[in-house]
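The values are calculated or read from the model by the stated rules, or taken from the named source; none is laboratory data. On a predicted model such as this, the values are computed, not experimentally measured, just so you know. In this analysis, Cβ positions are derived from the backbone assuming ideal geometry, glycine residues included, and neighbour counts consider all displayed protein chains.
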Amino acid sequence: MHDWQPTASIESLRRRAGIINQIRHFFAERDVLEVETPALSAAAVSDPHLFPFTTDFIPEGGGASHPLYLHTSPEYPMKRLLAAGSGPIWQLCKVYRNGESGSRHNPEFTMLEWYRTGFDHHSLMEEVDQLVRSVLGCAPARRVTYADLFSDLLVTDIHSCDTPELARLGRERCGFVGELDRDGWLNLLFSHLIEPQLIEPTMVYAFPASQAALAKIVDSDDRLPSAARFELFINGMELANGYFELTDALEQARRFEADQKLRKALDRPVLPVDERLVQALQSGLPECAGVALGVDRLVMLAVGVNSIDEVIAFPASRA
C-alpha cells in the first residue's frame, strides 16, 4: 500500500504553485484587494442542486449547539464586503460541496472568485479571458450566446421550441427516460451534447432568464430577455461562471424563496437563508460583476492532464 503518497507529482504541484503566484500578481497589477471570508456560515447556499457539508458548533463549557455550513462559494460574504465599500476584491480559497466526485470533481476544491465594481458581464468576460490566456497561453475565447449554440449544434431554436420538443430531443439524443422541467431538459441537452464540443476557449453568455441564479436580467444580449451570465469552457470543461450581479434586495429575497420551494419539491432539506446578504443589498450593493473560476481545472489544463487527482496533493480518497 502506498496511499500515503500524493496523487499529484511534485512537478505538477510546483506548476500549481507557480500558477497561484501568477494569479496573485495578476490582481496586484490591477490593484484589486485580496480578502478572506469565513469558510463556516450560519446560512447555507440557496442553490437546490448544491449540497453543503454541515457541522455542529458546540459552545465550550456548555450551551445549545447550532449547525454551521461549510461554504460552497465565498460569494455571499464577499458581496457583504462590496456593500460595505471594499471596492474590487478577489479571494482564493477552499470550498466544499458534498457528493461531488469524479475526474473533474473533489468534495474539497480551490476556487478563485473576484468582483469588479463598475463592470458588467461583458467587461468581466474580457478580464477572465486575459487571466486565462496569461496562464495557459491559449487563443482568445470566442463569444457565443446560449441560444446560438443550440441553433448551431442542435439545430434547435430554444426561443420558439416548446418543452415537449426539448423532451423528445433529450430522450432521443441522451437516452434519458425520466421527467424534467424545461430548464432540466435544456441543462441535459447542454451538458451532454453541447459542452463536449466546446474544445477551443468559448465564452457562452445570454443564458435563459430562468437560469439567472444571482445575475441580472437584461434585454440587450439576445432577442428575448436573458440572464446577464456567462460560462467559460475549454476542452469540453466548464472553467468559470460569472454574473452581472443582482443588486435588488427584494428580487434577491424572491429568488431565495423560489429556491426554497424548489428544494421542497425535490424533497431536499430546506436550509437557512442568508438574511445578512439581503440586508447588505438593502443597504446598497454597487453595480458590479463577479466570477468564480475553478483553480484545479485551470491547473489541469496547464499541465495537460485529465484527472483532478493529478493536480491536487491529497484528494478525498487519500485525505
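Can you say whether Phe176 is under 22 Å from Gln211 (Cα atoms) and surrounded by fewer than 20 Cβ atoms within 10 Å (Cβ to Cβ), as far as the supplied structure shows? For Phe176, the condition - under 22 Å from Gln211 (Cα atoms) and surrounded by fewer than 20 Cβ atoms within 10 Å (Cβ to Cβ) - is met.
One residue stands out in the stretch 174-204 among those that are under 18 Å from the mean Cα position of the chain (by Cα) and not in a helix (DSSP H, G or I): the one that is nearest to Arg229 (Cα to Cα), namely Val204. Of all residues in the stretch 266-301, those being more than 25 Å from His49 (Cβ to Cβ) and more than 20 Å from the chain's Cα centre (by Cα) number 5.
Screening Val177 on (1) without any contact (Cβ under 8 Å) to a residue 12 or more places away in the chain; (2) within 19 Å of Leu112 (Cβ to Cβ) shows it passes everything except condition (2). If the condition is being in a loop (DSSP other than H, G, I, E, B) and either in contact with a helix residue (DSSP H, G or I) (Cβ under 8 Å, 6 or more places away or on another chain) or within 18 Å of Ala17 (Cβ to Cβ) (or both), then the stretch 81-120 contributes Ala84, Ser101, Ser103, Arg104, Asn106, Pro107, Phe119.
So, Asn106, is that one under 19 Å from Val132 (Cβ atoms) and either modelled with pLDDT of 95 or more or buried (at least 20 other Cβ atoms within 10 Å of the Cβ) (or both) or not?
no
Any residue that is in contact with a helix residue (DSSP H, G or I) (Cβ under 6 Å, 6 or more places away or on another chain), polar (S, T, N, Q) and either free of Cβ contacts under 8 Å to residues at least 40 places away in the same chain or not in a strand (DSSP E or B) (or both) - is there at least one of those in the stretch 48-64? No, the stretch 48-64 has no match at all. Here the condition is being farther than 15 Å from Phe314 by Cα, hydroxyl-bearing (Ser, Thr, Tyr), in contact with a strand residue (DSSP E or B) (Cβ under 7 Å, 6 or more places away or on another chain) and loosely packed, with under 15 Cβ neighbours inside 10 Å; of Thr117, Thr72, Thr54, Thr37, it holds for Thr54 alone. Between residues in the stretch 145-156 that are over 12 Å from Leu193 (Cα atoms) and residues that are of a type in the set (D, E, K, R) and crowded, with 19+ Cβ neighbours inside 10 Å, which pairs lie under 7 Å by C-beta distance while being six or more apart or on different chains? Between residues of the stretch 145-156 that are over 12 Å from Leu193 (Cα atoms) and residues that are of a type in the set (D, E, K, R) and crowded, with 19+ Cβ neighbours inside 10 Å, the close pairs are Thr145/Asp221; Thr145/Asp222; Ala147/Asp222. Filtering the stretch 121-160 to residues that are within 17 Å of Ile234 (Cα to Cα), under 23 Å from the mean Cα position of the chain (by Cα), assigned to a helix (DSSP H, G or I) and of a type outside the set (Asp, Glu) leaves Met125, Val128, Gln130, Leu131, Val132, Arg133, Ser134, Val135, Leu136, Tyr146, Leu149.
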